[in-house]
Each structure stands twice: as C-alpha cells, then as structure tokens.
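Written below as structure tokens is the structure these notes are about.
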Amino acid sequence: MSITTRGFSLLEVVLAMAIGSILLLGSARFLPALQREIWHNTRQLSLEDEIWQRTYTVAKHLQRAGYCHGHCIGEGLHLAEQGQCVIVQWDGNNNGVWDTIPAKEADQTGF
C-alpha cells in the first residue's frame, strides 16, 4: 500500500510567511494614518452638526419673533449694538403678553 504525502516544503512556508509579514507591516503603517483621517472626519462632521443646530435654533427664534396671541406691547424683533445683537420676543405660552419675569420662563431671547 503506497501512501503519497504532499504538502508545502520548508522553503514555501518561509516564503509565504515573509510575504504575509510584509503585507502585515504595510497595513500596520497605514493604520495610524487611517485612524487620524477618521478622527478628523468625525470632528468635522460634529462641527458641521453643531453649526447646523445653532443656525436652526436662531432661524426658529427669528421666525417666531413678534408672535402674540393677544395685545403685546413692544417690538417683536429688536436689533441692538449696531446689528451685533438681536433680541426677539414672542408669546410662547399664548397668554397674550410677552412675559419677562421670571427669567427662566421669559418670552425673550437674545443672540
């Protein structure tokens, strides 16, 4: 009964390990640059999201400026400091007046 065994020779195994090691070292060199780029992109996306949220908030307050369910006294939109500051008022609780007290429930916001 003849048994023939076939497999890789020592030279083939060493050559395969050398090629694998070279590929592994190449990918290990590439990994920090990839991680840095991902971190940069994540930071950029977070910044864009923050800017969008702030812009959306200011736009919503400007849209609401001047709303009054009854008879409110004063300006709904006031530009101060030569246009550097905007103060908006609206009747957020529909009670017919622009509340200023207490401060945490005031119908005024400034930017």
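The values are calculated or read from the model by the stated rules, or taken from the named source; none is laboratory data. None of these values were measured; they are calculated from a predicted model. When we count neighbours, we look across all protein chains shown, and the Cβ atoms used for this are built from the backbone with ideal geometry, even at glycine.
Return the total of residues in the range 51-78 being outside any loop (DSSP other than H, G, I, E, B) and either closer than 10 Å to Val97 by Cα or among the β-branched types (Val, Ile, Thr) (or both). Spell out the reasoning first.
First, pick out the residues of the range 51-78 that are outside any loop (DSSP other than H, G, I, E, B): 51-64, 77-78.
Imposing the further condition that a residue be either closer than 10 Å to Val97 by Cα or among the β-branched types (Val, Ile, Thr) (or both) reduces the set to 51, 55, 57-58.
The qualifying residues number 4.
Please go through (1) at pLDDT 90 or above; (2) not in a helix (DSSP H, G or I) for Asn95 and return the number of the only condition it doesn't satisfy.
It fails just one condition, (1).
Please tell me if Ile87 is surrounded by 10 or more Cβ atoms within 10 Å (Cβ to Cβ) and either of a type in the set (Val, Ile, Thr) or assigned to a helix (DSSP H, G or I) (or both). Walk me through it before giving the result.
Values: surrounded by 10 or more Cβ atoms within 10 Å (Cβ to Cβ): yes; either of a type in the set (Val, Ile, Thr) or assigned to a helix (DSSP H, G or I) (or both): yes.
The answer is yes for Ile87.
Taking Leu31, is it at negative phi, part of a helix (DSSP H, G or I), of a type outside the set (Val, Ile, Thr) and in contact (Cβ under 8 Å) with a residue 24 or more places away in the chain?
Values: at negative phi: yes; part of a helix (DSSP H, G or I): yes; of a type outside the set (Val, Ile, Thr): yes; in contact (Cβ under 8 Å) with a residue 24 or more places away in the chain: no.
Taking the combined requirement at face value, the residue does not satisfy it.
Under 9 Å by Cβ, and 6 or more places apart or on different chains, what pairs join a residue from the range 73-93 that is without any contact (Cβ under 8 Å) to a residue 12 or more places away in the chain and closer than 13 Å to Thr109 by Cα with one that is part of a strand (DSSP E or B) and polar (S, T, N, Q)?
His78/Gln89
Give Thr100, Thr109 a once-over and let me know the one that is part of a loop (DSSP other than H, G, I, E, B), in contact with a strand residue (DSSP E or B) (Cβ under 9 Å, 6 or more places away or on another chain) and of a type in the set (Val, Ile, Thr).
Details: Thr109 fails: part of a loop (DSSP other than H, G, I, E, B).
After ruling out the rest, the residue left standing is Thr100.
Going residue by residue through the range 22-44, is there one that turns out to be in contact with a helix residue (DSSP H, G or I) (Cβ under 7 Å, 6 or more places away or on another chain) and surrounded by 10 or more Cβ atoms within 10 Å (Cβ to Cβ)? Please lay out each step first, then the result.
Quick first cut of the range 22-44, residues in contact with a helix residue (DSSP H, G or I) (Cβ under 7 Å, 6 or more places away or on another chain) only: none.
No, that holds for no residue.
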